[in-house]
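Data block below; observations after.
The values are calculated or read from the model by the stated rules, or taken from the named source; none is laboratory data. Bear in mind the structure is a predicted one, so any value in this text is a computation, not a measurement. Backbone-built Cβ (ideal geometry, glycine too); neighbour counts: all protein chains shown.
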Amino acid sequence: MTGPLESLNARFPCRERQIDGLAALLGQDDIPAPPVLVLYGTEATGKSTIVKAVLEEFEIPYAYVSCKECITARHVFEKAYTSCDALISPSNGEERGRQIRPDSVNALAGQLQKLIPSSGKIVLVLDAIDKQREVTPTMLSGLARIGEVIKNLTVIIIVTVSSTRLLNISEPPSIYFPAYNKEECVKILSLNPKSIFEVDEEDEYSEEMEQEDRWLWAQCCSAVWDIMGKYAARNLNALKDVVEELWPSLIQPIVDNEYGTRDFPKLFNRLKNEKLRNSEESYVSMQITRAPVDTVTDATPSVPNRAHDLPYFSKYLLCAAYLASFNTARYDTRYFSKLAEGLSKRKRGRKKKNTSRQLNRKHLGPRPFQLERMMAIFQSILPSSVLSSVDIGSQIATLNSLRLIRKVSNVASATDASSKWRVNVGYEYVKVVGRSVKFDLETHLEE
């Protein structure tokens with residue numbers, strides 16, 4: 001029979017030090033737990049999942065609050081009290097939570113002091129408190145000191161970055177969750193590999209088939225990390241989403257008996273040529289997705305419902321890249337110069353109708369453009385100036401890693417002004433991105 005630590009280390013590999021630290025601080029009955037504990041690390045490093053697993057494994061009662069889902073600071077206080085009330089008194093906790101609504105840290109501390117019994121150990125987990133919309137300067141320090149008022153209460157604060165000014169407490173106990181590297185990501189994802197062949201209930205899933213699944217799945221995870229690990233698949237969740245999206249296309253030649261399970265170089269080269277290089281699809285899962293439209297009689301043209309949730313300036317960069325690819329350079333003054341705006345409108349009004357048959361520029365494919373020209377268009381269409389804290393170069397590199405734009409020149413530096421690029425998405429996709437920032441793409445596009 002394995003102990004709690006062995007079971008947790010088997011479930012969560014590469015997190016032995018963090019699990020041991022949590023168990024030493026919280027899992028010992030003869031030693032009191034600290035009043036506050038800080039867990040910090042970047043996204044998708046296992047902070048919330050591991051702390052809940054440790055508390056459940058050691059049977060420590062806890063109340064969990066996701067602070068980024070709370071609208072206001074008062075919402076955080078009310079949810080913290082309601083969660084603790086439901087933990088201690090499951091029968092009437094919800095009814096009492098509607099009656100008592102603390103509106104400040106002092107009110108929350110007073111109500112919890114009346115609610116929590118003097119014996120036992122209780123943990124209050126405040127997840128993503130630094131992403132709360134109304135964090136005041138004294139809110140975090142006040143929440144961290146609730147454990148000092150209530151002796152058997154431990155407040156666990158989960159944040160992205162920890163600093164000495166975060167809680168205004170001299171060196172609170174903290175545990176760091178570093179980002180997973182390549183070997184750790186492949187090891188974790190290899191615990192639950194996808195199958196190559198579909199096995200019916202009557203067929204037996206042999207040990208040899210399991211070994212082939214694990215080997216090919218690990219090779220695919222490693223190759224995807226090498227290609228997209230720097231920008232697009234920067235954490236464990238993103239890498240898993242990309243691998244699961246590419247897996248059916250990777251194993252299709254094996255199902256069709258074209259290649260064997262050990263012919264991974266041939267399989268991945270075919271996958272890169274068919275899916276990664278010549279496709280406009282996105283392989284990173286989205287935070288927000290559109291609801292499917294059930295109306296059959298809708299006559300409007302279909303719009304792709306998978307659009308990246310890009311940062312604000314990245315959306316304008318993508319629109320500028322599309323305009324630079326499909327507009328002729330000699331017309332940039334007409335469409336993007338603010339000094340020539342009135343003149344261009346008068347010229348458009350006197351424009352003669354062209355009777356010759358010409359193809360629409362959108363149907364001729366994108367043309368390469370220099371990075372300097374795209375940045376000039378970007379500065380022109382941007383309604384306000386770029387903030388000094390924004391790194392435009394990293395956002396261009398992210399668009400390149402997401403296959404939204406592609407570098408077509410052999411210049412060593414991607415940020416060189418003379419480097420040539422080409423947009424890698426269609427008109428409908430960029431139109432949706434432009435509408436999200438209230439930018440009308442059609443008015444700036446050459447007819």
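Quick rundown of the values:
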quantity	calculated
Criterion: among the aliphatic types (A, V, I, L, M) and modelled with pLDDT under 90 - qualifying residue of I158, I60, I88	I88
Failed criterion for A397 (all others in (1) at pLDDT below 90; (2) more than 20 Å from the chain's Cα centre (by Cα) hold)	(2)
Residue count for the stretch 357-372, restricted to those that are modelled with pLDDT of 65 or more and not in a strand (DSSP E or B)	7
Residue in the stretch 57-64 that is in contact (Cβ under 8 Å) with a residue 60 or more places away in the chain and in contact with a Cys (Cβ under 9 Å, 6 or more places away or on another chain) present	yes
Criterion (buried (at least 17 other Cβ atoms within 10 Å of the Cβ) and not assigned by TED's automatic domain parsing to the domain that holds A238) met by exactly one of V155, V186	V155
Some residue of the stretch 406-419 being modelled with pLDDT of 85 or more, assigned to a helix (DSSP H, G or I) and under 25 Å from W225 (Cβ atoms)	no
Qualifying residue in the stretch 27-46 (condition: under 31 Å from the mean Cα position of the chain (by Cα) and in a helix (DSSP H, G or I))	no
